[in-house]
Structure formats: structure tokens, C-alpha cells
């Protein structure tokens with residue numbers, strides 16, 4: 001989890017409406033109208049609300065995952081944030097700069113220099129090899145050939161494709177093509193990284209490998225990431241914060257454990273119903289007070305998941321201690337305390 005950082009990207013009262021002149025319904029100031037009334041008026045007018053009154057803040061260096069079923073509005077929100085789709089109303093700010101007030105020309109420059117994008121279809125240029133594909137966005141920035149090829153080579157090494165620089169897209173596997181897409185999006189050194197279901201077209205094993213790769217890259221690069229998926233297990237594995245959408249609206253925003261342990265409604269509960277709780281409960285949330293014993297026992301950090309803690313218990317281990325960065329013991333866990341917590345929380349979310 002990232003520390004309390006400044007907000008990198010935010011949106012407020014973000015709407016995208018398709019219909020007959022929907023802008024006529026947004027003559028008010030942000031926050032000055034009744035949202036339920038607005039939804040009703042637009043629906044009665046026959047308009048289609050792709051997303052409505054969406055608001056959230058994304059801290060610098062965090063992974064913010066937007067998820068929901070098909071048609072929930074998640075991809076629309078992603079595209080509105082970058083203005084690939086023009087919002088009908090609202091505010092989107094990047095480092096305090098209101099993107100909706102920027103000219104089309106300025107937005108092109110912002111996308112070129114501050115935003116990286118990866119989509120489900122890899123979008124590689126078939127007539128260019130791997131090196132040329134990765135270097136392509138840098139050419140649009142006017143960077144010299146030597147510099148852009150050098151940076152492209154760095155990105156290729158970063159995603160583990162060294163040796164395939166001269167290969168063409170048709171000579172690569174699906175996972176390799178996606179790695180090229182990731183390298184290309186990182187070549188411009190974006191401040192914000194948008195990914196729209198980037199792994200959904202991959203086989204399950206390759207998908208897991210790409211998730212591992214994604215987490216490795218994030219540990220190295222610490223990007224601010226907006227990631228769209230419909231796969232809740234993927235969201236749990238990758239997210240710092242999850243935003244669940246339904247029918248164009250935000251239903252709940254929270255950490256993975258908050259979403260699973262305290263679902264806002266039955267829609268969210270349906271997403272979480274098959275999630276093994278030991279994969280999301282942190283040691284600090286169920287630890288017992290320190291017992292003062294001076295004994296040799298395994299130690300874990302407060303945010304360690306129960307899945308990892310449980311592996312430490314063997315025939316000789318009766319307790320695991322939770323310690324902070326200074327090595328001070330904040331609490332202990334026993335097999336009984338874990339069983340009680342899992343049983344209690346299963347009842348809570350069941």
C-alpha cells in the first residue's frame with residue numbers, strides 16, 4: 001500500500017451521456033443539483049447514461065482498479081479521464097490541472113508526455129519490429145532516433161523481451177505482444193498509466209504471469225495506475241483501491257479487504273462471494289495483544305495476508321508475532337485466532 005501521498009488524478013461529478021443534446025441538462029454548477037433527479041430526467045428523455053456523478057481521488061503511486069460487469073461504465077470512465085471520450089460534464093484534474101479546460105492540442109501533448117495507455121487489443125503496428133513499435137511514441141515527441149532507440153531498448157529489457165528486438169508482431173505469442181504494448185506505453189515515461197483489461201485476452205497461465213510482471217514493474221517504477229478489469233480476483237491481487245461500478249454509477253470504493261469484508265450491497269457481495277478470506281485479511285486486523293513472552297517465533301509485518309501467515313505454522317510453531325519496521329512486537333496470531341476470524345468473517349459476508 002502506498003503511503004499517504006498527494007492526489008495525482010481526481011474526478012468530480014463526472015458524467016458521460018449519449019442522447020439528444022444532453023448538455024442542456026448540465027447548466028448548473030458542480031454539486032448544485034440533485035443527482036437522483038438528474039438521472040431520472042435524463043432517463044425519461046431517452047438518454048443513455050454511460051457514467052454518472054463519478055467521483056474519486058487517486059494518490060500518487062497507487063494502483064486504482066475500476067471494475068464491474070459489461071456495460072457498467074468502467075471503460076467509459078477510463079477514457080473520460082484521458083479525454084479519449086469527451087465527458088458531458090464534470091471535472092478531471094491531473095496534478096491540479098483541470099483537463100476538461102484544456103484545448104485539444106494541449107490534450108495531445110499531455111497524452112504524449114504524461115499518459116501511458118494499454119488496451120485489450122495490443123494495437124501493435126504489424127510492419128514494425130519490436131524495437132520500432134516500442135520507439136514509435138517517442139518519434140511523435142520529436143526525440144532523436146538514437147535517444148528513442150536507446151530508451152526503447154531499456155523498456156524491452158525491462159519487460160523481459162531482450163533478444164526479440166527484431167521480431168515482428170506475428171512472430172510473438174499473445175503474452176509477448178502484450179509485453180511489447182506495455183513497453184511501448186512506458187517508453188514515454190508517463191506519470192499516469194491507463195490499462196483497460198490488458199490481460200483479458202490471454203490464457204489463464206499467461207495472464208497470471210503478466211500480473212506478476214505488472215507487479216514487478218510497479219515496484220520498480222511506482223506509477224500512478226488506473227486499471228480496468230471485470231475479474232475480481234485480478235483486482236484483489238493488484239489493487240491498492242477498488243472502485244466497483246454498476247449502471248454507470250460508483251457503488252463502492254475501498255481497499256480490497258474493505259470491499260470483501262464490508263460489501264455495500266448485494267451487487268458487491270456477489271463479486272466477493274467466492275473470495276477466500278485468507279487472501280485479503282491482514283494480520284494486523286485480527287492480531288491479539290502482545291503476550292510479553294521472550295520466545296523465538298516467526299515474525300511478519302502488520303499488512304501480511306493470512307495466506308502467508310498460515311504457512312508459518314508447523315508442528316513446532318504455536319504463535320506468529322506481528323512487528324513494525326523497528327522490530328517492535330505489536331501483537332500475536334495463533335491458529336485458534338485465525339480460525340475464529342475466518343469463521344466470523346465468513347458469516348459476515350455470507
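The values are calculated or read from the model by the stated rules, or taken from the named source; none is laboratory data. Quick caveat, the model's predicted, so the values are computed rather than measured. Heads up, the Cβs are rebuilt from the backbone with ideal geometry, glycines too, and the neighbour counts pull from every protein chain shown.
Out of 111, 83, 148, report the one residue that is in contact with a helix residue (DSSP H, G or I) (Cβ under 7 Å, 6 or more places away or on another chain), crowded, with 17+ Cβ neighbours inside 10 Å and not assigned by TED's automatic domain parsing to the domain that holds residue 173. First the steps, then the outcome.
On the way: 111 fails: not assigned by TED's automatic domain parsing to the domain that holds residue 173; 148 fails: not assigned by TED's automatic domain parsing to the domain that holds residue 173.
On inspection, the qualifying residue turns out to be 83.
Quick check, is residue 319 closer than 14 Å to residue 339 by Cα and exposed (fewer than 14 other Cβ atoms within 10 Å of the Cβ)?
no
Can you say whether residue 186 is touching a residue at least 12 places away in the same chain (Cβ under 8 Å) and either more than 24 Å from the chain's Cα centre (by Cα) or not in a loop (DSSP other than H, G, I, E, B) (or both), as far as the supplied structure shows?
On the way: touching a residue at least 12 places away in the same chain (Cβ under 8 Å): yes; either more than 24 Å from the chain's Cα centre (by Cα) or not in a loop (DSSP other than H, G, I, E, B) (or both): yes.
Yes, satisfied.
For the stretch 24-46, what are the residues that are at pLDDT below 80 and either more than 16 Å from residue 90 (Cα to Cα) or within 30 Å of the chain's Cα centre (by Cα) (or both)?
Correct list: 31 only.
Looking at the stretch 69-79, can you tell me whether even one residue there is at pLDDT 95 or above and in contact with a helix residue (DSSP H, G or I) (Cβ under 8 Å, 6 or more places away or on another chain)?
No - not one qualifying residue is present in the stretch 69-79.
Checking residue 56 against (1) closer than 22 Å to residue 225 by Cα; (2) touching a strand residue (DSSP E or B) at 6+ places or on another chain (Cβ under 8 Å); (3) at pLDDT below 95: exactly one of these is not met. Which one?
(3)
Do you know which residues across the stretch 120-145 are out of contact with any helix residue (DSSP H, G or I) (no Cβ under 7 Å at 6 or more places or on another chain), under 19 Å from residue 79 (Cβ atoms) and surrounded by 17 or more Cβ atoms within 10 Å (Cβ to Cβ)?
Our first condition is that a residue be out of contact with any helix residue (DSSP H, G or I) (no Cβ under 7 Å at 6 or more places or on another chain); within the stretch 120-145, this holds for 120-121, 127, 129, 132, 142-145.
Then keep just the ones that are under 19 Å from residue 79 (Cβ atoms); that gives 120-121.
Listed by number, the list holds a single entry, 120.
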